[in-house]
Amino acid sequence: MAGGATNLAYWLTTAGEYDEAAQLLDEALATRRKALGNDHPQVASTLTVQANLFVARKQYTEALEGTTEALRILALNLPDDHWLVAMAKNVRGAALTGLRRYPEAEKLLLASLPALSGSPIADLPQRGRARLADLYTAWGKPEEAEKYAR
């Protein structure tokens, strides 16, 4: 149930239904922590989707906090080239872009691209490229942005 709620919250965030996504994520996170413990990759997955919601809401500091915990958990459980690690890095890169920490964002966004292609979430590779375009646009590098444009 918590997995379905996390997945639905991801798509609700994409659709701009932030309040409903937030409620689902709070419930899913509590359920997963109780059932699986704090260091399970599924907890990290929900934290990453929650951080993605924070990015959509322009709550970049909260997104960084969520991805810090998610990446710590994922480092304990999965190889660095796993798509969940890449997703967490990509969301963190988007948060860093929002905070105008462009060099840090660039490093994470570029590093996340190869593994995003292995994701079961169909739009993640395109989202990763779009976030790079957004970074370079914000950073004043239109030639680089054009390489990753939607």
Open item on the list: On a full-extension model of 0.36 nm per residue, what is the gain between Trp11 and Ala149, subtracting their alpha-carbon distance, rounded to one decimal in nm?
Closed with: 47.5 nm
Task: All-pairs Cα distance distribution in the range 80-150, expressed in whole percent, bin size 10 Å - done: 25, 55, 19, 0
- [ ] Determine the sum of side-chain charges near Ala105: Lys and Arg each +1, Asp and Glu each -1, restricted to other residues whose C-beta is under 13 angstrom from that of Ala105.
- [x] +3
Open item on the list: Please report, in whole Å³, the volume per residue of the convex hull around the C-alpha atoms of the chain.
Closed with: 94 Å³
TODO: Would you mind calculating the gained length between Arg101 and Asp19 on full extension (0.36 nm times residue separation, minus the Cα-Cα distance), in nm to one decimal?
DONE: 26.8 nm
Open item on the list: Given points 7 Å out from each Cα along the Cα-Cβ axis, report the Ser117 to Arg57 separation in nanometres with one decimal.
Closed with: 3.5 nm
Task: Contact order relative to length of the chain, as percent, for alpha carbon pairs under 8 angstrom and 6 or more apart - done: 15 percent
Task: Degrees, to the nearest 10: 2-14 long Cα axis against longest axis of the chain - done: 30 degrees
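Only the coordinates and a few stated rules stand behind these numbers; no lab work does. All figures in this text were calculated on a predicted structure; none of them were measured in a lab. Every residue, glycine among them, receives a Cβ derived from its backbone with ideal geometry; neighbour counts consider all protein chains shown.
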